[in-house]
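The structure under discussion appears below in the form of structure tokens.
The values are calculated or read from the model by the stated rules, or taken from the named source; none is laboratory data. Worth saying up front: this structure is predicted, and the values here are computed from it rather than measured. Glycine gets a Cβ as well: all are built from the backbone with ideal geometry, and neighbour counts include every protein chain shown. To get the accessible areas, we keep the full protein, side chains included, count just its heavy atoms, and leave off ligands, DNA and RNA. Shrake-Rupley method; radii C 1.70, N 1.55, O 1.52, S 1.80 Å.
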Amino acid sequence: MPSGPVPERIQARWSHLCQHIGERRAGSAGERAAAEYILDQFRQAHLEAVHAEPFPCTAVGEARAEIALGLGRSLESVPARVLAGSPGTPGRKAVSGALVWVEMPEQAERLFQPALRGKIVVLFGPMPTRADLHRRLAQCQPAAVIHVDDRLPFDWVKDDGVYPVWVHRYGMPPTVTIPYQAAWAWRKRGANRARARIIAELKSAHSQNVVGEIRGRRPELPLVLLGAHHDTQCNNPGADDNASGVVALLELAVLLGAERPLRTIRLVSFGAEEQLSVGSRAYAVSHRK
């Protein structure tokens, strides 16, 4: 077996994914280019059964958001980005309303009530991680939802998504994200009004999981699966989310493939993870046995 990882090889692959290809949104040309690159690298590492497994996904055709927060009639624009899967505001027009701050997940049970109808709701913390809370939020029919990811206390906007199956079953209000620091500043100032204009057009597309194997000496034993994902959020090269995982996967393909292990090792680079595990779900469904 080789003595260990080769930093120059890792850096070259990282640069190819993040700088040469760049953004790799689900269903985009960038994601397809990344999948082809990983297929080629798997083949160069002499993996067996190298192939791609396509599956349907939703791709972003157009996504724009204009958000303003403030006190009374005095509103100021805030950077924003549309969440994956979100619809636009009706007729592509702006909606205005009272601002309701909900600290997630602690206040969701108490505040996801019909009184939210027509208001603009700020979810400070994670998006609902339970289907019943997502359903209740959708049923409240807020004019719009603004998500603030408290894991990232920065001044830049982060994309996120909602499980597509929840959107299909229960619907989804027009939803955007704004920077944590901007939201925190307006929270301290007592912002109580907002205006939102969200334009979102989605289209049907295909993503792909990329698979390769290192056959083990005991193929009857349960295999070991190693995974990463090659897609990114919008406007993001995905250097650490998850090109770091992909380059680790590619390096492991070389190192583990240099000798035949006891168990079969299957390496999978998943697509459409940023839409919340769409690719890994497709893989699990197709490989249920």
* Structure fact -> Subset of region 152-167, residues over 22 Å from Ala68 (Cα atoms) and touching a residue at least 12 places away in the same chain (Cβ under 8 Å), comes to Val162, Tyr163, Pro164, Trp166, Val167
* Asked: Name the pairs whose Cβ atoms lie under 8 Å apart, with the first residue in region 91-112 and among the charged types (D, E, K, R), the second open to solvent by 20 Å² or more (accessible area, probe 1.4 Å), and 6 or more positions between them or separate chains?
  -> Arg92/Arg197; Lys93/Arg197; Glu103/Phe124
* Restricting region 10-30 to residues that are touching an Asp or Glu at 6+ places or on another chain (Cβ under 7 Å) and part of a helix (DSSP H, G or I), which is nearest to His230 (Cα to Cα)? -> Gly30
* Asked: In region 37-60, how many residues are within 16 Å of the chain's Cα centre (by Cα) and open to solvent by less than 50 Å² (accessible area, probe 1.4 Å)?
  -> 3
